[in-house]
Every structure is written in C-alpha cells, then in structure tokens.
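A short worksheet on the structure shown next.
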Amino acid sequence: MKKIVIFGAGNLGGVLASELSEKNEIIGFLDNNESLWGSKVGGVEVLGGVSKLKELIYDEIVIASTMRFDEIRESLLEEGISDDKFNKEIQNRLLVEVQARVNFLRDFASIHQEEDMSVCVAEGGVFQGMFAREINTRFPQHKLYLFDTFEGFNKKDVEVETEQGYSKVKENYYSETSEEIVLKKMPNREQVVIRKGFFPDTLVGLEEERFLFVNLDFDLYAPTLDGLRFFYPRMVSGSVILIHDYFTQFYHGVAKAVSVFEEELGKKLVRLPIGDGISIAIAIM
C-alpha cells in the first residue's frame with residue numbers, strides 16, 4: 001500500500017482521493033490556498049502548502065489539477081521534488097482530459113474562421129485564465145468577455161449549494177486570482193473585456209450582443225443556470241455552449257442547472273460529450 005500526498009484540495013482532489021484510497025493510504029492534501037489549511041476534504045486533512053512536503057514521508061504525489069498541471073509540477077520540481085515521485089498514471093489521464101477540451105475548442109474554432117467578427121465569445125468562471133487564454137488564442141479577432149468575481153465563490157451561491165446539497169464548497173474558494181494574472185496570459189489582450197463582480201449582475205448592458213462560443217465553468221448551480229438563461233437565446237446558429245463539471249461527482253448542481261433550464265425552455269437541449277469525461281457541449285442549431 002502506497003502512501004500518497006494529493007496536491008490540490010478542490011473537487012478533483014476529492015474525486016482522486018476517493019478513487020485512490022481503495023488501494024492506497026492518503027496521508028493528506030497540500031494546497032497553496034492557506035484558507036484551506038487545517039480543513040478536511042472527504043475526511044482527509046489539508047496539511048499545508050508545498051513546503052510541508054519536507055516533513056512528510058510519502059511514496060507518491062498526485063497533482064489534482066488539469067489546466068494548471070504543468071505549472072504546479074514545475075513548482076514542485078523547483079522545490080527539489082524528484083520526478084519519480086509523481087504518479088504517472090494519473091498524470092497521463094489528466095493530460096488526456098485537458099487535451100480533449102483544448103482540441104475541441106481548436107477544432108470548433110477552425111470551422112468558424114469566416115464567422116462575423118462582431119459576434120463575441122465568452123467565459124464564465126475564469127479563475128487564473130488558463131482556458132480563457134486558449135479561447136483568446138483560437139478566436140483572436142472576436143471580443144472575449146470574461147466573467148468572474150476574482151474573489152472566489154460568492155456567499156449567495158455557496159448558500160444555495162449548501163441548502164440544496166449540490167456540493168460542499170466554501171465561500172471565497174478559488175480566490176487566488178486577479179484581473180492582472182488573467183490579462184497577462186492573454187495573447188490578444190485588446191479583445192478582452194473583463195466583467196468583474198457577482199454573476200449575473202455583470203451581464204448588464206450586454207443584452208444586444210450575440211455569441212459564437214461560451215464556456216461556463218462556474219462549478220455551481222445558480223450561476224450555471226443564470227448563464228444558460230442569458231446566453232442561450234443570444235447564441236448564433238451553429239454555436240456552442242461548453243459546460244464544465246457536468247459529469248463530476250462533487251458539483252451536482254451543474255447537471256441540475258441544465259435539467260432545470262430544459263424544463264424552463266420546454267425542450268431537450270442537444271448535449272454532446274466532448275471526450276474529457278467532464279464537460280458537455282450544448283449545440284445551438
């Protein structure tokens with residue numbers, strides 16, 4: 001039985017801990033978010049940050065991140081962690097998941113190169129801008145709207161999650177970001193418009209915009225439902241709304257939001273899995 005440390009105490013970390021604990025001993029989580037230190041995920045304690053590794057006896061490290069995988073791995077190597085300590089099986093699987101999502105975006109953009117440049121693209125739930133960078137790269141001449149509090153999960157949304165039993169998230173989770181961090185990643189920064197604040201309040205003034213590609217990565221029920229309500233009627237023919245975390249075990253509110261929106265709409269949406277095991281694409285015909 002291997003002793004495993006999981007770096008990343010979020011949704012993915014919880015999923016991996018549950019999976020790996022069947023044949024291994026999970027000795028703890030590590031996370032750069034100090035507000036999580038001392039808390040527990042699935043009964044396993046968040047022991048601290050990367051410096052805590054020097055105090056632990058372990059066999060393997062599992063990086064519980066997709067879009068930030070390379071960044072976290074490099075930071076651990078810089079701390080002197082040996083490459084043979086990384087769980088290669090999980091690493092390869094996560095890379096496949098990330099690449100599937102990026103490939104979908106790349107290929108979708110490639111068949112819409114002649115689209116009217118006045119049509120916009122957008123992302124809700126930006127965090128540090130890893131996927132937003134991909135959108136900005138693939139749609140260099142389209143205005144890109146980015147929606148995020150840049151302060152983590154909002155109290156109102158967290159209360160809904162708790163009351164309805166959709167997830168066990170905490171206020172301000174994913175707060176390790178800023179507008180500056182995101183904008184520095186954008187290759188076509190002049191096309192980026194950041195809408196900072198509580199969603200959907202940040203949609204005011206965009207009622208006349210039309211959209212070709214929208215990525216909803218809010219993780220939570222309320223903003224996902226509000227996102228569908230706003231964007232769906234403003235999508236052009238042949239467009240796509242990509243919804244992250246639809247298939248995850250810990251953010252049940254995302255799939256519920258899609259079902260509720262279908263009930264409101266009075267018809268079934270065209271849901272298409274994209275091969276990452278996490279997301280669905282809603283095609284607008």
For the range 166-197, give me each residue that is crowded, with 18+ Cβ neighbours inside 10 Å and of a type in the set (Gly, Ala, Ser). Ser167
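Each row is one residue, and each column tells you yes or no for (1) surrounded by 16 or more Cβ atoms within 10 Å (Cβ to Cβ); (2) in contact (Cβ under 8 Å) with a residue 40 or more places away in the chain; (3) in a strand (DSSP E or B).
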position: Phe199; (1), (2), (3): yes, yes, no
position: Val214; (1), (2), (3): yes, yes, yes
position: Phe218; (1), (2), (3): yes, yes, no
position: Arg229; (1), (2), (3): yes, no, no
position: Gly253; (1), (2), (3): yes, yes, no
Residues in the range 162-180 that are of a type in the set (Phe, Trp, Tyr) and farther than 19 Å from Lys256 by Cα total 2
For the range 123-144, which residues satisfy the criterion of being of a type outside the set (D, E, K, R) and surrounded by 21 or more Cβ atoms within 10 Å (Cβ to Cβ)? Gly124, Gly125, Val126, Phe127, Gly129, Phe131, Ala132, Ile135, Asn136, Phe139, His142, Leu144
Among (1) under 20 Å from Leu36 (Cα atoms); (2) assigned to a helix (DSSP H, G or I); (3) modelled with pLDDT under 85, which single condition is Asn92 missing? (1)
Just to be sure before I move on: is Val236 crowded, with 21+ Cβ neighbours inside 10 Å, of a type outside the set (Gly, Ala, Ser) and either modelled with pLDDT of 95 or more or over 21 Å from Glu159 (Cβ atoms) (or both) in the structure I sent? no
Filter the range 56-72 down to residues that are hydroxyl-bearing (Ser, Thr, Tyr) and over 15 Å from Asn33 (Cα atoms) and give me whichever is farthest from the chain's Cα centre (by Cα). Tyr58
Scanning the range 1-18 residue by residue, the ones that are loosely packed, with under 15 Cβ neighbours inside 10 Å and in contact with a helix residue (DSSP H, G or I) (Cβ under 9 Å, 6 or more places away or on another chain) total 1
Those residues of the range 97-131 which are at negative phi and assigned to a loop (DSSP other than H, G, I, E, B) amount to Ile111, His112, Gln113, Glu114, Glu115, Asp116, Met117, Ser118, Val119, Val126, Gln128
Name every residue in the range 131-161 that is within 18 Å of Lys256 (Cα to Cα) and of a type outside the set (D, E, K, R), in order of residue number. Val158, Val160
Is it true that Leu47 is more than 26 Å from Thr149 (Cβ to Cβ), assigned by TED's automatic domain parsing to the domain that holds Val15 and part of a strand (DSSP E or B)? yes
Quick one: in the range 255-285, which of the residues that are of a type in the set (Val, Ile, Thr) and not in a helix (DSSP H, G or I) is modelled with the lowest pLDDT? Ile278
List the residue pairs whose Cβ atoms are under 9 Å apart, where the first residue sits in the range 265-285 and is in contact (Cβ under 8 Å) with a residue 60 or more places away in the chain and of a type in the set (Ser, Thr, Tyr), the second is in a strand (DSSP E or B) and surrounded by fewer than 19 Cβ atoms within 10 Å (Cβ to Cβ), and the two are 6 or more positions apart or on different chains. Ser279/Pro273
Can you name the residue in the range 5-35 that is assigned to a helix (DSSP H, G or I) and under 18 Å from the mean Cα position of the chain (by Cα) and is also modelled with the lowest pLDDT among such residues? Asn11
Any idea which of (1) surrounded by fewer than 14 Cβ atoms within 10 Å (Cβ to Cβ); (2) closer than 23 Å to Tyr251 by Cβ; (3) touching a helix residue (DSSP H, G or I) at 6+ places or on another chain (Cβ under 8 Å) is the one Gly43 doesn't satisfy? (3)
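The values are calculated or read from the model by the stated rules, or taken from the named source; none is laboratory data. Because the structure is a prediction, the values reported are computed rather than measured. Backbone-built Cβ (ideal geometry, glycine too); neighbour counts: all protein chains shown.
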